[in-house]
Every structure is written in structure tokens, then in C-alpha cells.
Amino acid sequence: MIRVASYNMRKGIGTDRRRNPDRTLEVLREIDADVVALQEADRRFGTRSAVIPPHLIDEHSAWKPVDFGTRAASMGWHGNALLVPKAAEVIDCEVIHLPALEPRGAVMADLAINGQTIRVVGMHLDLSGLWRRRQAHAILTHVAASLRQHPTVMMGDLNEWTRAAGCLQDFDREFSFADTGPSFHARRPVGRLDRIMVSSGLKVVDCGVHASYAARKASDHLPIWADIAAA
């Protein structure tokens, strides 16, 4: 069993409009997931440095960020980052370039965790439905073209409000969705913008939305999680 989670951390800015990386890390520790996909993990301007300082993750968590070899101070790629157990082996990792009017991207890593190999894709899709579908197609095409195939988890902020339309239709052809529930807005969740999907060979054993007191204040999105196992 592996627990995965996805969290749009909004650059560490909470519903109180304060940036507090320690609070963000507190929320992540509450979820206690093996693998976490983060969105908006880097600052938007300047050096686009990581919102959560590397030393905080190293000293106060069980994770390490996957190094995608992008900007020196960044945690990921266009704000997308993956946190994995310090003992996990990162077999391979790469960024996925997405078609967009504004900078967008996705990240992918093949991981060895507890004797199991799993592929994880983290993403943050566009606000425009047309661009979301183009981006979904780019991600699916990229993953399908990989020389090595592994059981795959895709997760992130898809920005899709409609349950069975748009990019969700595209992903649904090859992936099953975890029924986590609404995660946006954190103060009054009504939208299922954040999603976790698994390929054949994996099943969702349990899932949900993490709605602790800290989570309701740390971002405008609530984190979502899923326990997955071999099908």
C-alpha cells in the first residue's frame, strides 16, 4: 500500500493572506503520504525559488524533493514538484513541456518504493478548457511514448469544474479517478478541481480530502489523498 497526495499550496499563501511555509509543511505532515505532488510550489517571479526552504524539508520531514535539474533555487518545474521518501530510489525523472499561452508544465518520475516501482505524474492545467484538453493530450502522449511502462499515478490541479467533460474525458479513457471529493475553495469546498488518477494495474483502496484546521487556513485548496495498491 502506498499513500499519495496532491496539494495546490498556493505558493504558501493561506486564506489569511499570509505566506507561511512552516504551516504548509505542517499540513503535509498531517497527511503523511509517501508521495506528494505539489502545485504552485515555487515563487512566481525573480529566481522562482522554492517556497518551502530545502532545509525545512530536510530537517523537518521524511521527504526529499525530486531533482528535475531545472532552476537552481526551484523545487520543480513551473511550480510542479514531487516529494518522495528519503529512502526511495528515483529511477528516472523528467519534465513534460505543455502547450500553453502562459508557462505551464508537468513533472514525471519513476520511483522504487518498498520494493515496488511506480510512475508518478504531477500537473497543474490551464484555466482555459481548450488548453486543458491540449495539455491532457500532451501528457497522455508523453507517458504512452515512454520506452518503459510502469503502473502510473497522475495527480494535480486539473482546473476542471465539470465532472464528466473536458480533459476528464480524455484521462478517463485510460485512467480511473479516485473519488476524493471537493477540495476548492478551502473555506467552503464545492469544486473537484484537484484529482488523483491511476492506471490499470493499480486500484484505489481509500481516498479523501484532508480538511484539518491547518489545511483550511494554509491554502485556498485542500489537499487530497489516496491509498493505492496493486490491482
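What follows draws every value from the coordinates through simple rules; no lab data is involved. Keep in mind that this is a model prediction, so the values were computed, not measured. Ideal geometry is used to build each Cβ from the backbone, glycine not excepted, and the neighbour counts take in all protein chains shown.
Brief remarks follow.
- Partners for LYS217 among lysines (Cα-Cα distance below 21 Å; same-chain residues under 8 apart left out): LYS11
- Distance between the modelled labels on SER176 and ALA73, one decimal in nanometres: 4.4 nm (7 Å Cα→Cβ projection).
- What the Kirkwood sum gives for the stretch 75-165 is a hydrodynamic radius of 13.8 Å, with every pair of different alpha carbons counted.
- Built amide H within the under 5 Å cut-off of GLY191, gap 5+: SER183, PHE184, HIS185
- Euclidean distance of C-alpha centroids, the stretch 63-114 and the stretch 159-231, integer Å: 20 Å
- Table column - 3J(HN,Hα) (Hz), the stretch 100-115, Karplus curve with 6.51, -1.76, 1.60, x for Gly and Pro: 6, 7, 10, x, 9, x, 9, 10, 9, 9, 9, 10, 9, 10, 6, x
- Note that the stretch 133-231 shows a convex hull volume over its alpha carbon atoms of 99 Å³ per residue.
- Where only C-alpha atoms are counted, convex hull volume of the stretch 1-132 per residue in Å³: 119 Å³
- Note on the stretch 2-230: Kirkwood hydrodynamic radius from all Cα pairs is 17.2 Å, rounded to one decimal.
- Computed 3J(HN,Hα) for the stretch 171-188, one whole-Hz value per residue from the Karplus formula 6.51 cos²θ - 1.76 cosθ + 1.60 where θ = phi - 60°, is 5, 5, 5, 10, 10, 9, 8, 6, 8, 6, x, x, 10, 9, 7, 4, 6, 8, glycine and proline marked x.
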